[in-house]
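Below is one structure, written out as structure tokens, with a few remarks after it.
Readers should treat all values here as calculations from the given coordinates under stated rules, not as data from a laboratory. Since this is a predicted model, take the numbers as computed values, not measurements. Note that we place each Cβ from the backbone using ideal geometry, even for glycine, and neighbour counts take in every protein chain shown.
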Amino acid sequence: MWGNIAIAFILAFVVTFVTTPYTMKIAKKVGAIDIPKDERRAHKKSIPKFGGPAVILGFLISTIYLLIVMSTENTINIFGPQEYWKKLLGFLMGILVISAFCIVDDIKTIKPITKLIGQVLGAICIVVSGIRIDGITLPFLNFPEMHEITSILLTIAWIIIVTNAINLIDGLDGLSSGISVISAISLLVIFVLNGSSLISIVLITALAGALVGFLPFNFTPARTFIGDTGSNFLGFSLAVISILGSAKTYTAAVIVLPLIVLGLPIFDTLWAILRRLIKGKSIKAVFKADKGHLHHKLVEKGFSQKQAVFVLYGISAIFGMFAVILCDSGIWKAISFLLIVIVAVAVGYKNFSVERTGNEQYECTQCKYIYNPKFGNEKAGIAKGTKFDELPEDWVCPVCGEGKDMFQIHE
């Protein structure tokens, strides 16, 4: 099994890493460019947003290769009683449907409601293929067997929620792809502990490998974005694989463990829906973008892009570890782990959040130019003694032209 896991990861990594530069060139030709038209954008220059196809290609090539090899070796039987061939075909069709809608969105931009229709159609492909949440068994919520309609609706809702959760948190360089890597690795560990099917283990490993191959191009300062095609694919795949990987003997894992693993983006999404409903007082307001997401709030608090991303990585990792411990060792060990983390954060927060004077030197993450308040930037009309926070919003690095958001405290 571990040999297959290694191959799935490395092959997906290599394919994505090699093809991502080509998607950047294609993006420029087809117009899939993210232009910073409003204040929500953390970047100040146009960046390709067509990395999704590279991630999808790496995932598919790795998965298809492993399925062929394992079928030849009789390691798996996709035509057995579980009818994995049918489920995999439905998964592939769902990916193609969602990708078709999102590729158009990345190039020409389509209405949110149109993208939602694409997500619903993709989810329908999944339930038709036989991938469903059949039941949930918990001490406080016991539905070992659901009515078919309930099962279908719950499955579609789960897929749409997770898909949009990853899509909406895609607001800083490397954020959605990094959180998806953490989630994928957490689910991989849970699948192994839970005795899940080898197919689901290969799928989640290939997804993690493809993302790791993309991250070098997406991390701050990003050379390319994953785009709606990529972020929708990530959420869709995590939702579907989490259902596929949950063994019948551990039905609580179908929703509860993946829900914990994906707790950060799901919470951010649900909060965004509630916030927009209250503010806009209509359903239409839910589809209007704003600057109220967690990553926006962290940047507003004074964190740099990189710092905000690392903070959210850490939170996502804590959720993942909690789910893994819950799966392997039970609720009490999981709670004790969470309490230890809370105490550690509470003790260390005071030292971490040192009060800033505003006179710190800031370094451009792109060219390493250092802004020193002592000297200002006289060529740009910035007087000596001007603090970094007092610089005009349209001020740019005098060396490479990057905006203020690409600067971080120089230590």
Counted charge near A239, where neighbours are those whose Cβ lies closer than 15 Å (Asp, Glu -1; Lys, Arg +1): +2
Per the charge dipole of the chain (beta-carbon charges, Lys/Arg positive, Asp/Glu negative, Cα centre), the residue among V311, P112, G130 reaching farthest to the positive end is P112
Residue order, fewest to most surrounding Cβ atoms within 10 angstrom, among W85, W158: W85, W158
Taking Cα atoms, how many degrees apart are the long axis of helix 227-244 and the longest axis of the chain, rounded to 10 and kept between 0 and 90? 30 degrees
Measuring from the longest principal axis of the C-alpha atoms of the chain, the long axis of helix 263-280 (C-alpha) lies at a number of degrees, nearest 10, equal to 70 degrees
Residue with peak Gaussian network fluctuation, the chain [Cα springs, cutoff 10 Å], from S304, S176, S246: S304
Most fluctuating residue given options G235, G178, G31, as computed from a GNM of the chain linking Cα atoms under 10 Å: G31
Report the charge-dipole magnitude of the chain in Debye, nearest 20, computed about the Cα centre from +1 at each Lys and Arg Cβ and -1 at each Asp and Glu Cβ. 840 debye
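Taking the Cβ-Cβ separation of I409 and V343 as r and a Förster radius of 22 Å, what is the calculated FRET efficiency to the nearest 0.05? Don't skip to the answer; put the middle values down first.
On the way: r = 27 Å, r/R0 = 1.23.
For R0 = 22 Å, the calculated efficiency reads 0.20.
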Who wins for biggest fluctuation among S183, S329, S99 in a Gaussian network model of the chain, springs between alpha carbons below 10 Å? S329
Enumerate the residues in the range 295-337 having an amide nitrogen under 16 Å from the point lying 7 Å beyond the Cα of K279 toward its Cβ. 295-301
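May I ask you to derive the FRET efficiency for Y22 and F79 from their Cβ-Cβ distance with R0 = 35 Å, giving the value to the nearest 0.05?
Working: r = 35 Å, r/R0 = 1.00.
The computed FRET efficiency comes out at 0.50.
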What is the spin-label model distance, in nm, from I33 to A100 if the labels are put 7 Å beyond Cα along the C-beta direction? 2.9 nm
Cβ under 9 Å from G52's Cβ, G52 left aside: what net charge do those residues give with Lys, Arg +1 and Asp, Glu -1? -1
To the nearest 10 degrees, how steep is helix 148-168 against the longest Cα principal axis of the chain, on a 0 to 90 scale? 20 degrees
From the coordinates shown, P(r) over Cα pairs in 20 Å bins from 0, in percent corresponds to which of (1) 24, 49, 21, 6, 0; (2) 25, 55, 18, 1; (3) 24, 48, 24, 3, 0: (2)
